[in-house]
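Engineer: Quick one: structure below, then a few questions.
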Amino acid sequence: MGLKKRSKVSAEFSMSSLTDIIFLLLIFFMLTSTLVRIQPFELPKSDSKTVASTSIVVTLEKNGRTTVNSNETSSRNLERALRMEVRTSDNRDNAAITIVAEIGTPFDRVVEVMEIANRLKVNAIIATEPRS
């Protein structure tokens, strides 16, 4: 009796080629992301006529000088000074930090003040220059 051997078609899919492609893409994006540089930019200008409340004013100068409500403070003591100003503020629930940054100030310093405001659960407003 001649029995034929049945050959079954395998329904398996080889994942090795797919994983190779994924690893190549991963390496590509990792290498290209290190080449991206964030360029510094000027602080925004605005046409807005809206005036926000200015309970706490932080002034940032491009030479590194920082003042909180006209009192000079160092970058290390900035959070402590802002915390004290928020505590002693008359309108503590609606206190807002207004950031007045001189043109040419590194934006990293502005972001630092915004992060401190976030930690203190206070609104941060960037003062803008009117367009001429």
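The values are calculated or read from the model by the stated rules, or taken from the named source; none is laboratory data. Computed from a prediction, not measured in an experiment: that's the story for all the values here. As a convention, Cβ positions derive from the backbone with ideal geometry for all residues, glycine included, and neighbour counts pool all protein chains shown. These accessible areas exclude ligands, DNA and RNA; they are computed on the full protein's heavy atoms, side chains included. Shrake-Rupley method; radii C 1.70, N 1.55, O 1.52, S 1.80 Å.
Engineer: Considering only residues that are open to solvent by 10 Å² or more (accessible area, probe 1.4 Å), at pLDDT 85 or above and of a type in the set (V, I, T), which ones fall in the range 52-82?
Structural biologist: Of everything in the range 52-82, those that are open to solvent by 10 Å² or more (accessible area, probe 1.4 Å), at pLDDT 85 or above and of a type in the set (V, I, T) turn out to be V57, T59, T67, T73.
Engineer: Name the residues in the range 103-123 that are open to solvent by 40 Å² or more (accessible area, probe 1.4 Å), aliphatic (A, V, I, L, M) and at pLDDT 85 or above, would you?
Structural biologist: Of everything in the range 103-123, those that are open to solvent by 40 Å² or more (accessible area, probe 1.4 Å), aliphatic (A, V, I, L, M) and at pLDDT 85 or above turn out to be V111, M114.
Engineer: Go through I99, I103 for me and flag whichever is touching a strand residue (DSSP E or B) at 6+ places or on another chain (Cβ under 7 Å) and either assigned to a loop (DSSP other than H, G, I, E, B) or of a type outside the set (S, T, Y) (or both). Give the steps one after another, and end with the answer.
Structural biologist: Numbers: I103 fails: touching a strand residue (DSSP E or B) at 6+ places or on another chain (Cβ under 7 Å).
Just a single option satisfies the conditions, and that option is I99.
Engineer: Which one of the conditions (1) modelled with pLDDT of 85 or more; (2) touching a strand residue (DSSP E or B) at 6+ places or on another chain (Cβ under 9 Å) does D47 fail to meet, given that it meets all the rest?
Structural biologist: (1)
Engineer: Go through (1) modelled with pLDDT under 75; (2) surrounded by 10 or more Cβ atoms within 10 Å (Cβ to Cβ) for E85 and report which single condition fails.
Structural biologist: Of (1) modelled with pLDDT under 75; (2) surrounded by 10 or more Cβ atoms within 10 Å (Cβ to Cβ), only one is false for E85: (1).
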